[in-house]
Amino acid sequence: MSYPSKSAAKPCVRTFDEFARLVDYSLMNALNSDPDAVKGGDDYRARQVFSGHFVPVKPTPLAEPEYITHSSTFFDELGLSDELVLNEKFRQLFSGDISVAQEPMRQVGWATGYALSIYGTEYTQQCPFGTGNGYGDGRAVSVFEGVMNGQRWEMQLKGGGPTPYCRGADGRAVLRSSVREFLAQEHMQALGVPTSRSLTLYVSKSETVTRPWYSRDSHSANPDILVDNPVAISTRVAPSFLRVGQLELFARRARSNVHPGALEELHMIVSHLIEREYKKEIDQGLAFADQLIELAKLFRQRLTSLVANWLRIGYCQGNFNSDNCAAGGFTLDYGPFGFCEIFDPEFQPWTGGGKHFSFFNQPAAAEANYHMFWTAVRPLLSENTEALEQLDQVRRDFAEVMQKEMEKMWAAKLGLTEYNPSLVNKLMQLMVRSEVDYTIFFRELSDIPEDISLLKKSFYVNTSQELDEQWQSWLTTWRGLVIESGNVADISTTMKQTNPKYTWREWLVVPAYQQAMQGDYTLIKELQEVLSHPYEEQSQEVEDKYYRLKPKAFFNTGGVSHYSCSS
């Protein structure tokens, strides 16, 4: 996914009137509305949605909303002035009150349905009706779509209240998860990983909801207390929020022929995906079958590159189902995510995720999601044998393309021009045995040291003489390859642009949302600043605080080392 460069964007939109004129509802204009939708958008009761691509729905405003923060960086990219966050109508809109929308805006937002597949297996039991017709955006309501600086963006309120897909829940997001998502999206952008973006963050000064969570210093796997949480709304932004699960939903309906227009609705949403996410890369003059083949290739490339990037920076999605897989090939959902500190190929921050969604299993999860994408679009080529064979070949090549992306990534992390499997495999073994900090280790390695003593600041355990000798042998071999590759100083610089110095550390984020619950947002803004410059050397004060090993007190601690999906 490409973004306008910061230098190209000049803040110019200073008033709500100017902002309103940027609106352009391509999704609501091009796709079908649910014919059974409640008139006016007051559609908050969980129900089955049998057809249509979206449900018009109004978000539920926060009671007594208070501004916490916004992304000045992203405002600048969009051409929005920071003054807008002080605008009363802007504040009302992005805290859930869409009644302030003015022409040409509409005083209604939209939510979408999608299907769920886990590792290539279709599920319907998460839907309260057991049919799959009640599963979708249960607490995410899009309120704006427009073109800014030549790029189309959709703005969605996370925690915007119930929709027909709410499955009987309250449709709210708590402050804790909202802070995490807001910070994580901008951190991922700064890391150079395609992602949805953060616009604004508001909290209610009076509205709370009760959620299960962890008591202080709890070592329980699952939440052990109920906590009253302030309600918040974060606005996340992306070129679209189309998911693999959405394509699946319409493919399932077409396969079952549940209504006469089912196949046509599948065709419409795939065409809309091409228009929204791949317009610059796919020639609109091509026949639809050829566009679809190009879509399959481009999505495969984006997805494999994305997952390789996740492993490069230590990110684990935690719950990479098809409904959490953006069809645009970027990181979409920041629910039970985490960043690997002590290196562990089976790292999984979510207690409900299992090994199948663990750190090193993400390429396999991605292939399973791609398989569901392939399955979903195949019906559109049923009468074109030649195109079907081309599509099937794109699917068959996924594992090979994924492997090449992974090899390219590991070579880059190690400053090498070619992937060396024996060197990487030996390194993995040593990293596990020494319990290295994933981020600190590779950052220290980027200095291309001659002796392992400089790497030991990343070790969580004391090593034996035998292990030290193995490390030194590996380091000598690796360093020799680096020297053969070119100028050591240049390679070191490039490695430092690949291996970040500052990363997400949950034990440093927890105090930010805890303080925010008391009305103190200082630490949130400090984290915004630090995490927005992950590759740069920062002050000694920042280094002392943020570039260090995880304290023993936070090992196996609920809400820090692991957490449920409660948000």
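The values are calculated or read from the model by the stated rules, or taken from the named source; none is laboratory data. Owing to the predicted nature of the structure, the values given are computational and were not obtained by experimental measurement. For neighbour counting, all protein chains shown are included, and Cβ atoms are generated from backbone atoms with ideal geometry for every residue, glycine included. For the accessible areas, the whole protein counts, side chains as well, though only heavy atoms, and no ligand, DNA or RNA atoms are used. Shrake-Rupley method; radii C 1.70, N 1.55, O 1.52, S 1.80 Å.
Some values worked out for this structure:
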quantity	calculated
Stretch gain in nm, segment Leu454-Gln125, where the contour uses 0.36 nm per residue and the Cα spacing is subtracted	113.2 nm
Area of Ile293 that stays accessible when all protein chains are in place (1.4 Å probe, Å², to 10)	10
Accessible-area value, Cys12, 1.4 Å probe, nucleic acids and ligands omitted, Å²	80
Carbon/sulfur fraction of accessible area - segment 139-191, other protein chains in place, 1.4 Å, %	43
C-alpha long axis of helix 385-396 to longest principal axis of the chain, angle in °	40
Helix-only CD estimate at 222 nm, as mean residue ellipticity for the chain, using -39500 (n - 2.57) per DSSP H run (n ≥ 4)	-12000 deg cm²/dmol
Kirkwood Rh, Cα atoms: Rg over Rh of segment 371-506	1.17
Under 20 Å from the Asp392 label point (7 Å along Cα→beta-carbon), backbone N, segment 299-323	300
Charge context of Ala387, other residues only, Cβ under 14 angstrom, K/R +1, D/E -1	-3
Folded to 0 to 90 degrees: helix 262-277 orientation relative to the chain principal axis, Cα	50
Potential extension, Ala63-Val488 segment - 0.36 nm per residue separation minus Cα distance	147.2 nm
With Cα atoms, 0 to 90° folded angle of helix 522-531 axis to the chain main axis	70
Per residue value of the accessible surface for the chain (all protein chains in place, 1.4 Å probe), Å²	38
Global size of segment 88-144 as Cα Rg and Dmax, reported in angstrom	16.0, 47
Among [x] 22.6, 70; [y] 23.8, 74; [z] 34.0, 110, the entry derived from the coordinates for Rg and Dmax of the Cα atoms in Å	[y]
Translational D in µm²/s for segment 1-122 (Stokes-Einstein at 25 °C, 0.890 mPa s, Kirkwood Rh from C-alpha pairs)	145
Amide N of segment 418-451 lying under 15 Å from the label point, which is placed 7 angstrom from the Cα of Ser464 along Cα→Cβ	430, 433-435
Cα Rg over Rh - segment 183-256, Kirkwood	1.13
Prolate/oblate/rounded call for segment 244-355, Cα gyration tensor, a/c under 1.5 rounded	oblate
Cβ-based net charge around Arg302, under 11 Å, with every Lys or Arg adding one and every Asp or Glu removing one	-1
Gln515 paired with Ala399, simple spin-label distance in nm, labels 7 Å along Cα-to-beta-carbon	4.9
Calculated FRET value between Val432 and Glu526, using beta carbons and R₀ = 56 Å, to 0.05	0.95
Shape of segment 301-359, Cα gyration tensor, a/c cut at 1.5	oblate
Proximal lysines to Lys39, defined as alpha-carbon separation beneath 21 angstrom and excluding residues fewer than eight positions away on the same chain	Lys58
Gyration tensor over alpha-carbon atoms, segment 148-187, equivalent ellipsoid semi-axes in Å	24, 17, 6
Bins of 5 Å from zero: percent of alpha-carbon pairs in segment 374-417	5, 20, 19, 14, 11, 10, 9, 7, 5, 1
Considering only the chain, percent of DSSP beta bridges that pair antiparallel, nearest 5	90
